[in-house]
1. Of A:Lys61/B:Lys14; A:Lys102/B:Lys41; A:Lys68/B:Lys41, which ones are farther than 32 Å apart at the Cα?
2. Return a whole-number percent for the relative contact order of chain A, with Cα pairs under 8 Å and 6 or more residues apart as the contact set.
3. Counting other beta carbons within 10 Å of each residue's own, what order do A:Cys23, B:Cys13, A:Cys91 fall into, fewest first?
4. Go through region B:20-27 residue by residue and turn each phi into a ³J(HN,Hα) via Karplus (6.51, -1.76, 1.60, θ = phi - 60°); whole Hz please, and just put x for glycine and proline.
5. Quick query: amide H of A:Ser95 versus all other amide H atoms, modeled in the peptide plane; which residues come in under 5 Å with a sequence gap of 5 or more or a different chain?
6. Sorted from fewest to most neighbouring beta carbons within 10 Å, what does the list B:Tyr36, B:Tyr104, B:Tyr58 look like?
7. Once you list every other residue whose beta carbon is under 15 Å from the beta carbon of A:Leu111, what net charge do they have if Lys and Arg are +1 and Asp and Glu are -1?
8. Under 11 Å from the Cβ of A:Ser73, count the other residues' Cβ atoms, weight Lys and Arg +1, Asp and Glu -1, and hand me the total.
Amino acid sequence: AQSVTQPDIHITVSEGASLELRCNYSYGATPYLFWYVQSPGQGLQLLLKYFSGDTLVQGIKGFEAEFKRSQSSFNLRKPSVHWSDAAEYFCAVLSLGGGYNKLIFGAGTRLAVHP
Amino acid sequence: GAVVSQHPSRVICKSGTSVKIECRSLDFQATTMFWYRQFPKQSLMLMATSNEGSKATYEQGVEKDKFLINHASLTLSTLTVTSAHPEDSSFYICSASGDRDAHYEQYFGPGTRLTVT
């Protein structure tokens with residue numbers, strides 16, 4: 001069955017430090033992968049997505065992610081974190097077939113940023 | 001582009017009553033809409049998927065008669081929580097997907113906080 005694992009529930013970094021949020025997926029075929037960010041009490045905003053091609057994907061707000069098939073990973077990175085990046089981050093894989101397609105989300109990683 | 005709205009953003013209702021949540025795609029036609037439920041500090045759980053003009057497909061364990069979903073037009077889907085109870089209190093988020101050429105991308109609404117007293 002398809003699944004997404006985000007091993008880190010909470011991460012705290014200092015403002016200006018680099019960031020990497022881990023995501024591992026389980027999916028039989030070539031995955032469609034997404035990273036979303038959720039601010040408190042808000043919906044989800046798409047940061048970036050991977051469908052095919054270049055395995056290093058650039059997103060909004062200075063984020064990037066690298067698809068590594070051999071490791072079944074799609075880790076999110078940012079070279080310098082800003083205080084406004086504090087939020088919940090969700091990795092997701094698109095499950096295709098069965099008449100409709102659906103996103104399968106990881107449990108999320110809550111990011112705190114220290115000044 | 002690709003904006004999805006939800007109304008209301010917050011609602012408080014009494015136990016036993018029903019409440020309707022609207023999800024609208026403002027600037028595109030949503031052939032498919034999704035309804036999620038999110039408990040505090042947890043991930044999103046897909047409740048159901050609806051295609052315009054068709055019956056919704058519910059995920060395992062979701063009560064069809066309790067969570068009524070209607071997708072009557074390409075821009076509007078509604079979720080009605082019937083005979084609400086305190087355990088139905090949650091954050092409900094909808095998303096919408098348009099043309100398949102858009103790589104199945106889902107655009108999310110801002111969510112609705114439901115509190116049942």
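1. Result: A:Lys61/B:Lys14 exceed 32 Å.
2. Worked out over chain A, it gives 37 percent.
3. Listing A:Cys23, B:Cys13, A:Cys91 from fewest to most nearby Cβ atoms yields B:Cys13, A:Cys23, A:Cys91.
4. Karplus-based 3J(HN,Hα) across region B:20-27 equals 10, 10, 9, 10, 10, 8, 8, 9 Hz.
5. For A:Ser95, whose amide H was placed from the backbone, the distant partners under 5 Å are A:Lys102, A:Leu103, A:Ile104.
6. So the residues, fewest neighbours to most, are B:Tyr58, B:Tyr104, B:Tyr36.
7. Residues close to A:Leu111 contribute a combined charge of +1.
8. Around A:Ser73, the surrounding residues sum to +1.
Bear in mind these aren't lab numbers, they're just calculated from the coordinates by the rules spelled out. Computed from a prediction, not measured in an experiment: that's the story for all the values here. We place every Cβ from the backbone using ideal geometry, glycine too, and count neighbours over all the protein chains shown.
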